[in-house]
Amino acid sequence: MKNLLILLLLASFTSNAQWIDLFNGQDLNNWKISENPASFHIENGELIVNGNRGHLFYNGYTPKNFEVHARIKTYPDANSGLYVCTAFLENDWPKQGYEIQVNNSHTDWRRTASVYGIQDTKETFVKDSEWFDLNVIVQGNHITTKINGKTIIEFTEPESVTKGSDARRIQTGTIAIQAHDPNSKVVYQSIQFRSL
């Protein structure tokens, strides 16, 4: 943990920082689970997210400008999310930061790469049971989401956004992975981070 935090601090001072693997494929060291630990487990080097609502929070902090990359596979009717600028919460859905939706066929119409409930897309860009790359770029007051290198959402946070401690806004925080419900199975092969 200490070495990883040092790497993140060093990366924050480097304009072209290297990617850092946040998930090592072996265990969930440096991560903290809320509510339902059984919803997260590792098989064959991959993070399986399947079960009752819960969130897997990274035990580190992101600098102001950063990029997160995840290699993901969804299964039919699955729903998950990749949170940025968030904070650990023992129960409930995270209140801080933004959720980037991971959903290609769930009944919720908001599809993968949406900035959930803020700027959404109804279009499905990838199919279930196929690996895809999701990138989230946070710079200043701007969030860009990409699927397989294609830009999907460009969101600029308005100046009028509430600045309360639990507000959905770009702020110092961490990254989290969402387990949505028992019928949702999503697999994360890698989760990477770099400072910009």
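Where in the chain lies the longest segment free of trypsin sites (Lys or Arg not before Pro) that are both loop residues by DSSP (not H, G, I, E, B) and have at most 15 other Cβ atoms within 10 Å?
In short, 1-63.
Could you name the aspartates and glutamates whose alpha carbon sits less than 18 Å from that of Lys185, not counting residues in the same chain fewer than 8 places away?
Glu35, Glu43, Glu46, Asp77, Glu99, Asp108, Asp128, Glu130, Asp133
Nearest 0.05, what FRET efficiency do His142 and Ser105 give at R0 = 30 Å with Cβ-Cβ as r?
With a Förster radius of 30 Å, E is 0.55.
Rounded to the nearest 500, what is the 222 nm mean residue ellipticity of the chain from helices alone, with -39500 (n - 2.57) per DSSP H run of 4+ residues and division by all residues?
-1500 deg cm²/dmol
At most 13 other C-beta atoms within 10 Å and a DSSP loop state: those are the exposed chymotrypsin sites (Phe, Trp or Tyr not before Pro) I care about. Give me the longest piece of the chain that has none.
Between exposed loop sites, the widest span is 20-108.
Using a Förster distance of 25 angstrom, determine the FRET efficiency expected from the C-beta separation of Lys32 and Tyr75, and round it to 0.05.
After rounding, the FRET efficiency stands at 0.50.
Given Cβ point charges of +1 (Lys, Arg) and -1 (Asp, Glu) and nothing else, what value in debye, to the nearest 20, does the dipole of the chain about its Cα centre take?
The calculation lands at about 360 debye.
Only sites in a loop by DSSP and with at most 11 other Cβ atoms within 10 Å count here; which GluC sites (Glu not before Pro) in the stretch 44-105 make the cut?
Glu90
What shape does the chain take by its C-alpha gyration tensor, where a ≥ b ≥ c are the square roots of the eigenvalues and a/c under 1.5 counts as rounded, a/b above b/c as prolate, and the rest as oblate?
rounded
Starting from the Cα-Cα distance between Thr151 and Asp181, subtract it from 0.36 nm times their residue separation and give me the gain in nm to one decimal.
Separation in residues times 0.36 nm, less the Cα-Cα distance, equals 8.0 nm.
Every number here is computed from the coordinates shown, using simple stated rules; none is lab data. All values derive from a computational prediction rather than experimental measurement. All Cβ positions, glycine included, derive from the backbone under ideal geometry; neighbour counts span all protein chains shown.
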